[in-house]
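The values are calculated or read from the model by the stated rules, or taken from the named source; none is laboratory data. In this text, all values refer to a predicted model and were calculated from it rather than measured experimentally. Note that each Cβ is placed from the backbone with ideal geometry, even for glycine, and that neighbours are counted across all protein chains shown. The accessibility values were calculated without ligands, DNA or RNA, using every heavy atom of the protein model including side chains. Shrake-Rupley method; radii C 1.70, N 1.55, O 1.52, S 1.80 Å.
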Amino acid sequence: DAKTTQPPSMDCAEGRAANLPCNHSTISGNEYVYWYRQIHSQGPQYIIHGLKNNETNEMASLIITEDRKSSTLILPHATLRDTAVYYCIVRVLEGNKLVFGAGTILRVKS
Amino acid sequence: GAVVSQHPSRVICKSGTSVKIECRSLDFQATTMFWYRQFPKQSLMLMATSNEGSKATYEQGVEKDKFLINHASLTLSTLTVTSAHPEDSSFYICSASEQGVGYGYTFGSGTRLTVV
């Protein structure tokens, strides 16, 4: 079973920051948090991942709380092309598997 | 960056026949690949872990005799749906990871299987 909880959907205005929350209260000390997104009928696209520290790359920033029980993915300037399903995933240590939850449908509106 | 190629992208087959889907890591070696299935408006469901040179590990409820997985090399895993039925129609997606802790997992573009 997925170890994450996300809101089912969110709206964001084009050009504004999109902040997508994720709860993972049962995460253990050395389990990574991954974020992917999926546009209709395509394979998931890697966004970012982290363990304890906040991370930033060209796509997004990942903010992980100090207790590691939740995280937030930040898309700094959302565009219409960022409309997708966003998945927050805790990598299962046994088998190093990614078990997907339901994800958040992000709709970026002009 | 890492690229995973999946083939075919779409396939239509008759009920009772078998279909093979290939997943290749193009610019890295992957000792482990993963196979997922996704029904319309649902999330990805992990089916099995494909291990190079050994038997695949199937998730609970996935029939290993129906979904045959072969991982003969460090860059190729195949999923064969045997004796396909209409309820096997789905979007099948593979993923692979470069060896080492902390690497991302790259996904293929998926295969849309329709059984008629």
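What to note about this one:
- In the stretch B:60-72 there is at least one residue that is within 11 Å of chain A (Cβ to nearest Cβ) and surrounded by fewer than 16 Cβ atoms within 10 Å (Cβ to Cβ).
- Here B:Thr57 fulfils each of the conditions (1) within 11 Å of chain A (Cβ to nearest Cβ); (2) buried (at least 19 other Cβ atoms within 10 Å of the Cβ); (3) of a type outside the set (Phe, Trp, Tyr) apart from (2).
- Taken over the stretch B:8-36, the residue count meeting the criterion of being more than 10 Å from chain A (Cβ to nearest Cβ) and surrounded by 14 or more Cβ atoms within 10 Å (Cβ to Cβ) is 14.
- Residue within the stretch A:33-48 that is surrounded by 13 or more Cβ atoms within 10 Å (Cβ to Cβ), over 28 Å from B:Thr111 (Cα atoms) and either within 13 Å of chain B (Cβ to nearest Cβ) or in contact with a Lys or Arg (Cβ under 9 Å, 6 or more places away or on another chain) (or both) present: no
- In the set B:Ser54, B:Ser9, B:Ser25, only one residue is more than 11 Å from the chain's Cα centre (by Cα), under 25 Å from A:Val85 (Cα atoms) and modelled with pLDDT under 95; that residue is B:Ser25.
- Enumeration of residues in the stretch A:49-61 that are assigned to a strand (DSSP E or B) and either open to solvent by less than 80 Å² (accessible area, probe 1.4 Å) or within 13 Å of another protein chain (Cβ to nearest Cβ) (or both): A:His49, A:Gly50, A:Glu55, A:Ser61
- Filtered by the rule that a residue be open to solvent by less than 20 Å² (accessible area, probe 1.4 Å) and either within 14 Å of another protein chain (Cβ to nearest Cβ) or within 19 Å of B:Lys41 (Cβ to Cβ) (or both), the stretch A:62-102 gives A:Leu62, A:Ala84, A:Tyr86, A:Tyr87, A:Cys88, A:Ile89, A:Val90, A:Arg91, A:Leu98, A:Phe100, A:Gly101.
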